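Shown next, in structure tokens, is the structure this report addresses.
The values are calculated or read from the model by the stated rules, or taken from the named source; none is laboratory data. Computed from a prediction, not measured in an experiment: that's the story for all the values here. Cβ atoms come from the backbone with ideal geometry, glycine included; neighbour counts cover every protein chain shown.
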Amino acid sequence: MLKTVDRRVKPGLSSYDDDPQEAANSLIPLLEEAEGVIPEELQPTTPIRLGATAGLRILGEEKSEKILKAVRDLFQTNSSLEYKSEWVTVLEGYQEGSYLWVAMNYLLGNLGNKYSDTVGVVDLGGGSVQMAYALSKEAAANAPNISIGNNPYVTKQLLNETNYYLYAYSYLHYGLFAARAEILEAVDGPYSYCVLGGYAGSYKYSGKVYNASASPSGSSYSKCRVEAIKALKINEICTYQDCTFGGVWSGGGGDGQKNLYVASSFYYTAAEVGFIDSETPNALVRPSDFKKAAKIACKSSLEEANVTYPNVTEDNLPYICMDLVYEYTLLVDGFGLKPTQEITLVTKVEYGDSYVNAAWPLGSAIEVVSSQSPQSPALKSFRRLWIQ
Ligand SMILES: Nc1nc2c(ncn2[C@@H]2O[C@H](COP(=O)(O)OP(=O)(O)OP(=O)(O)O)[C@@H](O)[C@H]2O)c(=O)[nH]1
Ligand SMILES: [Ca+2]
């Protein structure tokens, strides 16, 4: 049984942008927890890897490299696990999307099925949003080679003795928190119709401060939709047969995308606003549910929202209209889903007698374990440590 330790510490590495040592030290509880579940004798042959994602990509090369160097030093000096410097990296966006696809289909028992019997994934992070799904061999043969940012659109993966042609793309700056900055930055004029009435603050993201004053008449669903569509650059020129947004190739859709599992912030917002039960680890919804919830939220003042949404944290509350409108716009105008298409919001998947976090590190662990030689002790223990 592949055992992974899945724990989180907040805030993420990118929050320590001016203090690399603090960033590395923030991982110590994770390191200790992981070493606590791996038998002593297996620790020298159990690889430890760190994958940074959009938060560090947005921070830029210089600051992120300083943080990664501090993490490498920590792993080298304070850990008894197998360490290589190249295992501490900023993941490529397409890797982050592909790893979640592998993790989700592994947990659902789909690896080995034909491509049309796998699920597609959407992962709304803080800094980026990823989409990944399997293509037919023919569709893959006609894929554009390289995407904007020099990542491949399609990679070939051999999983459970089955070849998959995996479309994966990561939209940097379109994770939930980064998108708020995009929307606020794209606003003409002194306020945003996406911010709840009564809020006159500012929004901080990745070291920058944005004016987040609400309009005197408060937020408006229809006007916020206009702002979100503008921020998504929906009408960017498309040089392919079919694009999602920002001129990105859509992958062409198909049977590998018909069943979509939608993770991270999509789930958190729906659970905290209450249109899904936060006790259930996954729920069948439609994009139109985000629209319905957005219309209610965008009619609220900050004061009213404080009462209506007890599970939304204070720092997220002024943006609850914005987040719901953005999530609906991303699904329908961005990814081209029908408002009535059923999708599965997911945070965990039942696997054996437990629930496992549906997150990309498991996909990367599967890649490492399947690349190990059959004799490797780490493979025998199947114990993996992954810190995201
Ligand atoms: N509302 C809410 N947000 C959460 C929760 N857990 C994590 N988040 C936030 O949701 C965002 C997306 O989650 P993750 O994908 O884990 O975040 P991340 O990996 O730092 O984001 P990227 O680097 O863009 O991938 C993060 O910015 C988290 O701060 C939660 O329980 N509720
Ligand atoms: Ca993430």
(request) For MET104, work out the one condition from (1) closer than 20 Å to LYS233 by Cβ; (2) within 16 Å of ligand 2 (Cβ to nearest atom) it doesn't fulfil. (result) (1)
(request) Determine if the range 110-118 includes at least one residue that is under 30 Å from PHE335 (Cβ atoms), modelled with pLDDT of 95 or more and within 16 Å of ligand 2 (Cβ to nearest atom). (result) no
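Among the listed residues SER213, SER220, identify the single one that is out of contact with any strand residue (DSSP E or B) (no Cβ under 8 Å at 6 or more places or on another chain) and either away from ligand 2 (no atom under 16 Å from the Cβ) or touching a residue at least 12 places away in the same chain (Cβ under 8 Å) (or both).
Numbers: SER213 fails: out of contact with any strand residue (DSSP E or B) (no Cβ under 8 Å at 6 or more places or on another chain).
Checking each option against the conditions leaves just SER220.
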(request) Report yes if some residue within the range 150-160 is farther than 28 Å from GLU65 by Cβ, in a helix (DSSP H, G or I), touching a Gly at 6+ places or on another chain (Cβ under 7 Å) and more than 16 Å from ligand 2 (Cβ to nearest atom); otherwise report no. (result) no
(request) State whether the residues of the range 114-137 include one that is surrounded by fewer than 18 Cβ atoms within 10 Å (Cβ to Cβ), away from ligand 1 (no atom under 16 Å from the Cβ), part of a strand (DSSP E or B) and in contact (Cβ under 8 Å) with a residue 40 or more places away in the chain. (result) no
(request) Restrict the check to the range 30-47 and report whether at least one residue is modelled with pLDDT under 95, over 30 Å from ILE146 (Cβ atoms) and within 16 Å of ligand 1 (Cβ to nearest atom). (result) yes
(message) Against the conditions (1) of a type in the set (Gly, Ala, Ser); (2) more than 16 Å from ligand 2 (Cβ to nearest atom); (3) at pLDDT 95 or above, where does SER79 fall short? Just the number, please.
(response) (3)
(request) Give me the pairs, please: first residue somewhere in the range 243-261 and in contact (Cβ under 8 Å) with a residue 40 or more places away in the chain and hydrophobic (A, V, I, L, M, F, W, C), second residue anywhere and surrounded by 20 or more Cβ atoms within 10 Å (Cβ to Cβ) and in a loop (DSSP other than H, G, I, E, B), beta-carbon distance under 6 Å, and either six or more positions apart or on two chains. (result) PHE245/LEU232; TRP249/TYR153
(message) When the residues of the range 142-171 are narrowed to those that are of a type in the set (A, V, I, L, M, F, W, C) and modelled with pLDDT of 95 or more, which ends up surrounded by the most Cβ atoms within 10 Å (Cβ to Cβ)?
(response) ALA168
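In the range 92-113, which residues are within 16 Å of ligand 1 (Cβ to nearest atom) and either over 25 Å from ARG286 (Cβ atoms) or not aliphatic (A, V, I, L, M) (or both)?
From the range 92-113, those within 16 Å of ligand 1 (Cβ to nearest atom) are 92-101, 103-104; that's our starting set.
Within the range 92-113, GLU92, GLY93, TYR94, GLN95, GLU96, GLY97, SER98, TYR99, TRP101 qualify.
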(request) Filter the range 288-324 for residues that are in contact with a strand residue (DSSP E or B) (Cβ under 7 Å, 6 or more places away or on another chain) and assigned to a helix (DSSP H, G or I) and give the result. (result) LEU302, PRO318
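When residues of the range 161-182 are filtered for being within 16 Å of ligand 1 (Cβ to nearest atom) and not in a strand (DSSP E or B), how many remain?
Our first condition is that a residue be within 16 Å of ligand 1 (Cβ to nearest atom); within the range 161-182, this holds for 168-182.
From what is left, the residues that are not in a strand (DSSP E or B) are 173-182.
Summing the residues that are within 16 Å of ligand 1 (Cβ to nearest atom) and not in a strand (DSSP E or B) in the range 161-182 gives 10.
For (1) closer than 16 Å to LEU362 by Cβ; (2) surrounded by fewer than 16 Cβ atoms within 10 Å (Cβ to Cβ), each residue gets a yes or a no:
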site	(1), (2)
GLU32	no, yes
ALA52	no, no
ARG57	no, no
LYS63	no, no
GLN76	no, yes
LEU91	yes, no
LEU100	yes, no
(message) I need every pair where a residue in the range 192-210 that is free of Cβ contacts under 8 Å to residues at least 40 places away in the same chain has its Cβ under 6 Å from the Cβ of a residue that is among the aliphatic types (A, V, I, L, M), sequence separation at least 6 or different chains.
(response) SER202/VAL209; SER202/ALA212; TYR205/ALA181; TYR210/ALA181; TYR210/LEU184
(request) Output the residue which, of all residues in the range 346-364 that are more than 12 Å from the chain's Cα centre (by Cα) and not in a strand (DSSP E or B), is surrounded by the fewest Cβ atoms within 10 Å (Cβ to Cβ). (result) ASP353
(request) Would you point out which residue out of THR329, THR280, THR308 is over 27 Å from LEU107 (Cβ atoms) and surrounded by fewer than 24 Cβ atoms within 10 Å (Cβ to Cβ)? (result) THR308
(request) Could you check how many residues of the range 36-67 are outside any helix (DSSP H, G or I) and away from ligand 2 (no atom under 15 Å from the Cβ)? (result) 7
